[in-house]
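Everything below concerns the one structure shown next.
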Amino acid sequence: MADFEIGHSKVGLVLGAGGVMGGAWLVGALHALVEETGWDPAEAELIVGTSAGAMIGALVAARVPTEFMVRHSAGEVVEGVTDAQGRPASEASRSAGADFRLHRGLPRLGPGSPRLALARGAPPGARLMALVPRGLISTEPLKDTVRRAVAKGWADHKKLWVVATDYATGERVAFGRRGAPPAELADAVAASCAIPGFYHPVAIGGREYVDGGVSSTSNLDLAGGQGLDRVICLNPMSSRHRDSSLWLHRRLAARLRSLAGRQVGREAKLLRAQGTEVTILQPTAEDLAVMGLNFMSGRRRHQVIETAVRTVGKQLSAVAAVG
């Protein structure tokens, strides 16, 4: 992989949205990146994480090795490893936050955020999401996963940005960025993962936030203007594979992947215009076959990880050959 130079450049890492399956793919993809290049993702000048990418990005920023993530997912017990609170890491859930339980409190009927639904200037996607009833699933398991790595405060990383969406205005907020509202890392990650209609919104500083993927599945454009030589974007929600199935649900999923791919392509174009090299890695047909259409299912989570290690390794080899 000598042609894929990372070690001597200022590199940004962008980790996109994708639910439980996307998070698993990110773990495998990052481990392939480590194995193929020898580069430690924690050394990235900037880490931008959205939804599932926020969770994995937080773990990377906290210097949790990708090898441990893979082995822990496989059910292995890594002796002598403890979490941020001194507890054996083997006691931590192996679901990566995919432990679904109801949010405490009475459900609210009607649109989740009437104010956002009527907000002028808010992104159309955000306004549509605002019409969906509030989610009933608690984000506490997500917070617990982050607190295993960072007990309180923020990760000790030079620049970790966690992207969420203001549930009243539709504004994109990158927690950890200068000028953003102060937040605990666990809360910021939970907010970034809070899919409208599924997870309950997360309150931070008197405001409510939902999934950062409402604006963009990758938010790759945030890496612009940061003086980076290269940005590596891992985007689970897009793919170059074109599904020609006649089944409506598969055609819809393919359409959503296509839209996500076009958006990340536009964002990459902006960075390249600034002189930044951009490498985009996405699930292949082989990955998608294992991931399935239910991105919140954890049933084949480890199989997705193992597949991504292999397929992303091949993608990196192809990038090196071209380079």
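The values are calculated or read from the model by the stated rules, or taken from the named source; none is laboratory data. No experiment lies behind these values; they were computed from the predicted model shown. Cβ placement follows ideal geometry from the backbone for every residue including glycine, while neighbour counts extend to all protein chains displayed. Ligands, DNA and RNA are excluded from the accessible area calculation, which covers all protein heavy atoms including side chains. Shrake-Rupley method; radii C 1.70, N 1.55, O 1.52, S 1.80 Å.
Return the whole-Å distance between the Cα centroid of segment 210-224 and the Cα centroid of segment 87-159.
16
At 1.4 Å probe radius, can you tell me the per residue accessible area of segment 71-226 in Å²?
Per-residue value: 50 Å².
Tell me, what % of the accessible area of the chain is carbon and sulfur with a 1.4 angstrom probe?
Carbon and sulfur atoms account for 53 percent of the accessible area of the chain.
State the label only: which of (1) 73, 59, 41; (2) 59, 52, 32; (3) 55, 45, 43 corresponds to Cα extents along the principal axes in Å computed from the shown model?
(3)
What are the DSSP H helices in the chain that stretch 20 Å or more along their long axis, judged by alpha-carbon atoms, and whose average Kyte-Doolittle hydropathy comes to at least -0.5? Present the calculation step by step, with values, prior to reporting the outcome.
Numbers: long enough: 19-37 (26 Å, 0.94); 248-273 (38 Å, -0.43); 301-322 (31 Å, 0.33).
Long hydrophobic helices here: 19-37, 248-273, 301-322.
For the chain, modelled as a Gaussian network with Cα springs under 10 Å, which listed residue fluctuates most, Glu45, Glu267, Glu79?
Among Glu45, Glu267, Glu79, the largest mean-square fluctuation in the Gaussian network model of the chain belongs to Glu79.
Anyone know which of Ala58, Ala186, Ala254 comes out most mobile in the 10 Å Cα GNM of the chain?
Ala254
When ranked by the protection proxy of mean other Cβ atoms within 10 Å per residue, highest first, what sequence do the peptides 59-66, 80-87 form?
Numbers: 59-66: 22.9, 80-87: 11.5.
Most protected by this proxy first, the peptides run 59-66, 80-87.
Which value in nm describes the separation of the simple spin-label points at Glu67 and Ala180, placed 7 Å from the Cα toward the beta carbon?
With each label point 7 Å from Cα toward Cβ, the separation is 3.0 nm.
Within straight cross-link reach of Lys158, meaning Cα distance under 27 Å, which lysines are found once same-chain residues fewer than 8 apart are removed?
Lys10, Lys143, Lys269
Measure out, as a whole number of angstrom, how far apart the alpha-carbon centroids of segment 247-301 and segment 161-202 sit.
Here the two parts' Cα centres lie 22 Å apart.
Between Gly16, Gly212, Gly135, where does the largest GNM mean-square fluctuation fall for the chain, given springs only between Cα atoms within less than 10 Å?
Of Gly16, Gly212, Gly135, the most mobile in the Gaussian network model is Gly135.
Can you compute the modelled spin-label distance between Thr169 and Asp229, with each label point 7 Å from Cα toward Cβ, in nm?
3.8
Restricting to the chain, what percent of DSSP beta bridges are antiparallel, rounded to 5?
Bridges in the chain are about 40 percent antiparallel.
Compute the accessible area per residue over segment 234-323, keeping the other protein chains in place, probe 1.4 Å, unit Å².
57
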